[in-house]
1. Net charge within 15 Å of LYS212 by Cβ-Cβ distance, Lys/Arg positive one each and Asp/Glu negative one each, not counting LYS212 itself?
2. How far apart, in nm, are two points set 7 Å out from the Cα along the Cα-to-Cβ line at ASP291 and at HIS244?
3. In nm, to one decimal, how far is the modelled label at GLU228 from the one at ASN126, with both set 7 Å along Cα→Cβ?
4. Give the lysines reachable from LYS277 as a straight Cα distance under 22 Å; neighbours fewer than 8 places away on the same chain don't count.
5. Cα gyration tensor of the range 137-188, axes a ≥ b ≥ c as square roots of the eigenvalues: rounded (a/c below 1.5), prolate (a/b > b/c) or oblate?
6. With each pseudo-label sitting 7 Å past Cα toward Cβ, what's the ALA282-ARG151 distance in nm, one decimal?
7. Just for the range 196-328, what percent of DSSP beta bridges are antiparallel, to the closest 5?
8. Quick one: of the DSSP bridges fully inside the chain, what percent are antiparallel, nearest 5?
Amino acid sequence: MPTNLPPEALEAEKRYREAKSLAEKIACLEEFISLIPKHKGTDKLRADLRRKLSKLRAASQARKKVSRRGSAFRIVREGAGQVVVIGPANVGKSALVAALTNATPEVADYPYTTWAPTPGMMPVENIQIQLVDTPPLDRGFVEPELMDLIRRSDLILLVVDLQTYPIEQLEDTIAFLQKHRIVPRHLKDRCREQRHVTFKPLLVVVNKNDDKSSDEDFEVLRELLGDEWPLLPVSATTGRNLEHLKQAVFERLGIIRVYSKPPGKKPDLSTPFVLKKGSTVADFAGKIHQDFLEKLKSARVWGSAVYDGQMVQRDHVLHDGDVVELRI
Ligand SMILES: Nc1nc2c(ncn2[C@@H]2O[C@H](COP(=O)(O)OP(=O)(O)OP(=O)(O)O)[C@@H](O)[C@H]2O)c(=O)[nH]1
Ligand SMILES: [Mg+2]
């Protein structure tokens with residue numbers, strides 16, 4: 001910010017920075033712009049601020065629209081699991097969702113770009129997993145519905161920026177979640193208060209590890225944090241380690257893919273049914289159709305059974321990649 005602005009403009013800028021609600025931010029920014037003297041030296045600043053203002057206005061319009069139709073924070077679940085991508089501002093949450101899914105959230109080199117959650121589908125092998133980009137959590141205010149979205153999700157990807165105080169970012173975000181009674185599942189045993197707390201599987205995605213030159217920084221981070229956190233170094237920009245991240249998400253979701261085989265025919269291996277780990281033949285039958293579950297006489301399994309095509313009971317536990325033939 002140029003320091004040669006008149007004091008009343010600097011005061012307005014301070015009010016703008018500290019504004020808590022979107023409406024307040026818009027009002028303060030309008031006032032700030034009006035107090036900046038118009039000359040060549042302030043051309044760029046005024047243009048930047050006007051752009052910011054029109055973004056804030058657009059966000060406000062979008063919110064009004066969605067609030068009439070229902071909340072922007074109610075993201076319809078799709079695919080094999082819903083994964084929320086959360087963290088402080090400017091760490092690359094939107095860039096990651098853009099790199100991994102078909103969605104195109106706005107990515108910008110200034111903080112507080114994202115205002116509403118944006119879902120996108122991430123293909124992993126032959127299934128699709130939903131990733132939800134979210135607004136940053138280190139704002140002055142956070143919508144209770146955003147916290148509900150996090151509570152309802154199947155997995156949290158907490159993104160930090162390797163190049164900008166990642167430890168503080170991790171600690172602050174965990175403290176913030178804890179304040180809202182959301183605790184990483186792997187810390188459950190250490191949590192004194194267990195009532196009304198939601199325990200969620202969580203992976204820490206250490207973004208902006210663009211190339212070999214930042215590997216050392218990541219190793220230092222890993223050493224400082226010890227083995228308490230599941231850390232995944234990636235780069236949304238260069239695509240480094242993103243395949244690994246996809247696999248890690250798939251594994252953490254605790255799901256298996258099971259293929260249906262009609263009697264006497266080949267299974268369709270391109271469209272699996274997705275079930276929770278530990279699911280049985282009966283769960284699989286129920287997933288296809290309630291009728292199947294009720295009328296199920298026998299089942300044969302290729303894959304996890306002792307031998308291919310083995311007859312199994314309804315309570316036989318299935319594994320990822322199993323092919324099942326149900327007979328009714
Ligand atoms: N070097 C580098 N820059 C990145 C990477 N990922 C994102 N960025 C940059 O970081 C800035 C912020 O990216 P965003 O994706 O908008 O960050 P965000 O976390 O969604 O930010 P908010 O929506 O404001 O919370 C942009 O300038 C991106 O180009 C990365 O892997 N490496
Ligand atoms: Mg964003």
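1. Numbers: positive: LYS208, ARG240; negative: ASP210, ASP211, ASP215, GLU216, ASP217, GLU219.
The answer is -4.
2. For ASP291 paired with HIS244, the spin-label model returns 4.9 nm.
3. Placing both labels 7 Å along Cα→Cβ, they lie 4.2 nm apart.
4. Counting by Cα, and skipping residues close in sequence, LYS277 has these lysines nearby: LYS188, LYS200, LYS246, LYS261, LYS287.
5. Values: a/c = 1.78, a/b = 1.29, b/c = 1.38.
Oblate, because a/c is 1.5 or more while a/b does not exceed b/c.
6. According to this spin-label approximation, the distance is 3.1 nm.
7. Of the beta bridges lying entirely in the range 196-328, close to 70 percent run antiparallel.
8. Values: 21 of 43 bridges.
So the antiparallel bridges in the chain amount to around 50 percent.
Each value in this text was obtained by applying a stated rule to the coordinates, not by laboratory testing. The structure presented is a predicted model; accordingly, all values stated were derived computationally and were not measured. All Cβ positions, glycine included, derive from the backbone under ideal geometry; neighbour counts span all protein chains shown.
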